[in-house]
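Shown next, in structure tokens, is the structure this report addresses.
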Amino acid sequence: MGATDWQFSLEKILISSCAVFFIVVVTINLIPYFPSVSYNFPTISPDKPVPSPSVSDSIPTNSSGSIHVPAVASPLHRDTCVSVLHSIRYKSSASECRKAGACKDKKYSWEWIQSNRVSECGFHRVQKSEASALINGSWIVVAGDSECRLTYISLLEVFVGSEEINRVKVDFIYQHGNYVKTVDDIGLKMDFLWRPFVSDLRELMLDFNKTKRYPDLIIMGAGIWEMLYVNKAPDYGLKLEALRDSNSGLLEGGMPVFWLGMPTLVNSKLNTELKRARLTDYVRRMYDDALRGSKILQQSGGPMFLLDLRLLSDLCGADCAADGMHYEEFVHDVAVQIMLNVLAIRSNKNLQP
């Protein structure tokens, strides 16, 4: 009798265990179908600002509207703010700006489009004191073509002011060469390296890897010379993939890497027959596809944050590009301010305007 009761109890335990196991398995498999516990991530496109999921917890700002990221900011907070940084508008057309004599006034030229999400993030134009807090004692490298050179000038102006930057422009604004500037009071060294082809940029990355000496911040971009002198979009994609794979040393150190996209090209304003023949909208779209397909951008799982010069130049319009490819200075100023706000968000800095 005792043996029979023991056997019966054992059978009940086994049956109960099986039932519990069955419930657990069914529950795990059903979880993705319940909206309360699943999450649909947005589809990310590198061509335009990405709508991010709304969040119930806003990112607070102080009374002056400066960025105030929580001490331990969640990835959702950071990604939400970063995704809307390109939400800007220009306050006037380029021709109106020039007529009013206000093109040099950055505050006059552009602003972030106000929305709940933008207000929560508290974007603003970063001045020298704030930028110094982000980049104090750093080595910055800007490498690429003439679009990168203009961006270098805009970034350097944040630290040295308009009077000094005018002297810098005389030195090298139209030169196909390198330039080095130091800002002693904050221990800043800024290099511009003329590297108009993607293969040039890859060689630069390999040199960094060999020496194990990396900049604290790097901005790079190349495309127009590739279109003009090589004109093979599939090869451009392969070169970008090789460049992506050469960035491991930078990424291991957690160093920010920014990719400066090509601006919109106004074919009718280009000043040579070769440019008009090769720098067309059709070819440009092929190169954009190659850029996306290379997976070099963060939007497609790569290492580099896109400074979307195409969007910023599109918003400004054809009047902003006198020669069809180089835009008014404030377009590059916007790209620099987007980059500085990215750095502030990623480093959880509370910036004071």
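The values are calculated or read from the model by the stated rules, or taken from the named source; none is laboratory data. The shown structure was predicted, so the numbers you read here are calculated from the model rather than taken from an experiment. Here Cβ is always computed from backbone atoms with ideal geometry, including for glycine, and neighbour counts include all displayed protein chains. The accessibility values were calculated without ligands, DNA or RNA, using every heavy atom of the protein model including side chains. Shrake-Rupley method; radii C 1.70, N 1.55, O 1.52, S 1.80 Å.
Here the label points at Lys210 and Ser347, each 7 Å from Cα along the C-beta direction, are separated by 3.1 nm in the simple model.
Estimated at the nearest 10 Å², the accessible area of Glu203 is 110 Å² with a 1.4 Å probe.
Amide H contacts under 5 Å for Ile88: Ile113, restricted to partners 5 or more places along the chain or on a different chain, H placed in the peptide plane at 1.01 Å from N. Computed from phi, the 3J(HN,Hα) profile of the stretch 208-225 under the Karplus parametrisation 6.51, -1.76, 1.60 (θ = phi - 60°) reads 4, 5, 5, 7, 6, 10, 10, x, 7, 8, 9, 10, 9, x, 7, x, 5, 5 Hz, with x in place of Gly and Pro. Residues in the stretch 268-281 carry Karplus couplings, in order, of 5, 9, 5, 9, 9, 5, 4, 4, 5, 6, 9, 8, 9, 4 Hz; the curve used is 6.51 cos²θ - 1.76 cosθ + 1.60 with θ = phi - 60°, and Gly or Pro positions show x. A simple packing score, the average count of other Cβ atoms within 10 Å per residue, orders the peptides 191-202, 176-187 as 191-202, 176-187, with the highest score first. For Ser268 and Lys189, the difference between the fully extended length at 0.36 nm per residue and the C-alpha to C-alpha distance is 24.5 nm. Between the amide H of Ala143 and those of Leu193, Ile219, Met220, Gly221, distances stay under 5 Å, these residues lying 5 or more places away or on another chain, with hydrogens modeled in the peptide plane. A Förster distance of 45 Å, applied to the separation of the beta-carbon atoms of Ser300 and Glu164, puts the FRET efficiency at 0.70.
Each residue of the stretch 112-122 was assigned a 3J(HN,Hα) from its phi angle through the Karplus curve 6.51 cos²θ - 1.76 cosθ + 1.60 (θ = phi - 60°); the sequence is 6, 5, 6, 8, 4, 5, 5, 5, 4, 7, x Hz, with glycine and proline shown as x. Full extension of the segment from Ile113 to Thr182, taken as 0.36 nm per residue of separation minus the current Cα-Cα distance, would add 21.4 nm. A cut-off of 5 Å between modelled amide H atoms, ignoring neighbours fewer than 5 places along the same chain, links Val257 with Phe305. With a cut-off of 19 Å on the backbone N, the residues of the stretch 305-326 near the modelled label site 7 Å out from Tyr174 along Cα-Cβ are 321-326.
The local environment of Ser199, defined by Cβ-Cβ distances under 14 Å, has a net charge of -3 under the rule Lys, Arg +1 and Asp, Glu -1.
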